[in-house]
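Colleague: Next up is a structure, given as structure tokens.
The values are calculated or read from the model by the stated rules, or taken from the named source; none is laboratory data. Note that the structure is predicted; figures quoted are calculated from it, not measured. As a convention, Cβ positions derive from the backbone with ideal geometry for all residues, glycine included, and neighbour counts pool all protein chains shown.
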Amino acid sequence: MRFSPSKLTLASVFIASTAINSIAILPVHAQTAPSIVVASTTSTEQSGLFAHMLPEFKKAAGIDVKVVALGTGQALDMGKRGDADVLFVHDQVAEEKMVADGFVVKRFPVMYNDFVLIGPAADPAKAKGNDIVEALKKLAATNAAFVSRGDKSGTHAAELRFWKMADPSAASPATGSGYKSCGCGMGPALNMASSTNAYVLADRGTWLSFKNRGDLKVLVEGDKRLFNQYGVMLVNPAKHPQTKVAEGQKFVDWVVSPAGQANIASYKIGGEQLFFPNAVK
């Protein structure tokens, strides 16, 4: 059977129309935003800083950030393995070694706050003051209950330095029954101290955002040795080619830019500023 020209034309129009309609109703999939992994400290996460900061970065750069909050030591290990694109941590000695060993490209100072010694309001060890080393000597002398992060975090590293200053001959601070190592983040360590009325070294940012304080209060602050500097670093693509260099560098650049620094300065709890930007201009 042969089609007449008129029938062929009508058939062609019908087929073409059907094809166009089929194309028109195909679902349209939105493009996924680029993303990076930032390995950071528990203090930046648990203090609420990232919840305040990252929406502004996403608005500025269009990049999603997945934060993996760990102790600084574990965060640095993620960088060594190439499991993160950017590191945002607070142990300057360890950070500079990462640069020297070629695991990161460069270290940029970002912000600072300070450590504080928290303890029961009654202060049974009489540790209150502005000298962290003298305070720890009193804790050791009275075998006071003390909760250590014990997780190789920046806070834990600082704590160990202070214990060493308090007793240079001691091989370990864990000599008394009052010393408990939780191997946990800052929030859980504070919870443990609150439930046992123990002393604990904390970063001020997490302390200010911590609600379950019980009878705890700040007992030692103001010692210049309690200064707590944070740095940001891009993982070196020469070590790990999978590093998202362009996106990761955009995050680093934004954090140390006037916009990023202003965002950090604007984060407050109860009217009190938690972190103080100090990127090199």
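Colleague: When the stretch 71-125 is examined, which residues are found to be acidic (Asp, Glu), in contact (Cβ under 8 Å) with a residue 60 or more places away in the chain and under 15 Å from Thr243 (Cα atoms)?
Modeller: Listed by number, the list holds a single entry, Asp85.
Colleague: Please go through the stretch 152-188 and pick out each residue that is out of contact with any strand residue (DSSP E or B) (no Cβ under 8 Å at 6 or more places or on another chain) and under 11 Å from Gly71 (Cβ atoms).
Modeller: Lys152, Ala157, Gly183, Cys184
Colleague: Which pairs have Cβ atoms under 7 Å, sit 6 or more apart or on different chains, and link a residue in the stretch 39-66 that is more than 21 Å from Ser209 (Cα to Cα) to one that is among the basic types (Lys, Arg) and surrounded by fewer than 24 Cβ atoms within 10 Å (Cβ to Cβ)?
Modeller: Hits for this filter: Ala61/Lys250; Ile63/Lys250; Asp64/Lys58.
Colleague: Could you grab me the full set of residues in the stretch 244-270 that are at pLDDT 95 or above, in a loop (DSSP other than H, G, I, E, B) and farther than 23 Å from Val37 by Cβ? So that I can check it myself, show each step before the final result.
Modeller: Just the residues of the stretch 244-270 that are at pLDDT 95 or above, to begin with: 244-268.
With in a loop (DSSP other than H, G, I, E, B) added as a condition, the list becomes 244, 257, 266-267.
Hit for the stretch 244-270 is Ser266, nothing else.
So that you can scan it fast, the table gives a plain yes or no per residue for (1) surrounded by fewer than 19 Cβ atoms within 10 Å (Cβ to Cβ); (2) touching a His at 6+ places or on another chain (Cβ under 9 Å); (3) touching a residue at least 24 places away in the same chain (Cβ under 8 Å):
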residue: Gly154; (1), (2), (3): no, yes, yes
residue: Glu159; (1), (2), (3): no, no, yes
residue: Trp163; (1), (2), (3): no, no, yes
residue: Ser172; (1), (2), (3): yes, no, no
residue: Gly178; (1), (2), (3): yes, no, yes
residue: Cys184; (1), (2), (3): no, no, yes
residue: Met192; (1), (2), (3): yes, no, yes
residue: Val200; (1), (2), (3): no, no, yes
residue: Gly205; (1), (2), (3): no, no, yes
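Colleague: Right, another one. Taking the stretch 190-212, which residues are in a loop (DSSP other than H, G, I, E, B) and either over 22 Å from the mean Cα position of the chain (by Cα) or more than 18 Å from Arg149 (Cα to Cα) (or both)?
Modeller: Asn197, Ala198, Lys211
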